[in-house]
Structure formats: structure tokens, C-alpha cells
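A quick write-up on the structure given underneath.
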Amino acid sequence: NGAGPGTEFQDATWNITVQWLAGDIACRTLMFLKLMAMYAAAFLPVVIGLDRQAAVLNPLGPRSGAKKLLGIAWGLSFLLALPQVSSRTQQTLVWQYVNQWMCN
């Protein structure tokens with residue numbers, strides 16, 4: 001997936017155990033981090049582009065707006081990923097008469 005460090009941990013756990021063993025809190029946390037990393041990956045190149053534009057248009061001027069834009073990008077990523085905490089959960093899947101846990 002490439003969405004972040006949480007993704008590799010989740011995928012490795014799934015490949016080894018074919019079920020989710022880390023519990024509900026870890027499931028919700030990793031789903032939140034995956035989505036936050038996805039939003040950040042979209043917002044941060046925009047911030048970089050705006051900072052480069054400011055550097056080209058005003059090469060000798062101060063660029064104090066970059067830190068504000070970074071804060072906004074991370075804040076938006078956090079807020080937009082926040083619904084994952086309440087919407088994702090660990091679920092029981094019954095497959096071939098065996099109970100398995102899924103992070104869904």
C-alpha cells in the first residue's frame with residue numbers, strides 16, 4: 001500500500017497470522033494513521049509547491065508562511081482522518097467454522 005509505517009505492520013501481521021491479533025485499539029489507531037498519512041501525502045506537496053512559488057516570486061523576502069501552511073496541512077490531515085477512530089473496529093469473521101479476527 002505504501003501509506004505509512006502502520007500499513008507495513010498491519011500487512012505483515014495479516015500475512016503471518018491471517019487474522020488481526022493486536023486488538024481493537026490498535027486496529028482503530030492503525031486505520032487512523034493510514035488515512036492521516038494518505039491525507040498528508042496529498043497536502044504536503046501542495047505546501048512545498050506554495051513555498052517554492054513564494055521563493056521564486058520573492059527570493060530575498062521572508063517566508064514565514066511555510067510553517068503556518070505545514071501546520072494547516074497536518075491539522076487538516078488529522079481532522080479528516082479522525083472519523084476513522086469511531087468507524088473502524090475489530091470484527092469476528094467466521095470462515096470454515098473457525099473464528100478469525102479482522103481489522104475492518
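Coordinate-derived values only; no laboratory data. Keep in mind that what you see is a predicted model, and the values were worked out from it rather than measured.
Here are some notes:
- Once backbone amide H atoms are built at 1.01 Å from N, Ala22 has no partners under 5 Å, excluding neighbours fewer than 5 places away on the same chain.
- Derived scalar couplings between HN and Hα for region 25-42 equal 5, 5, 4, 5, 5, 5, 5, 4, 5, 4, 6, 4, 5, 5, 5, 4, 5, 8 Hz in order, rounded to whole Hz, by the Karplus curve 6.51 cos²θ - 1.76 cosθ + 1.60 (θ = phi - 60°), x for Gly and Pro.
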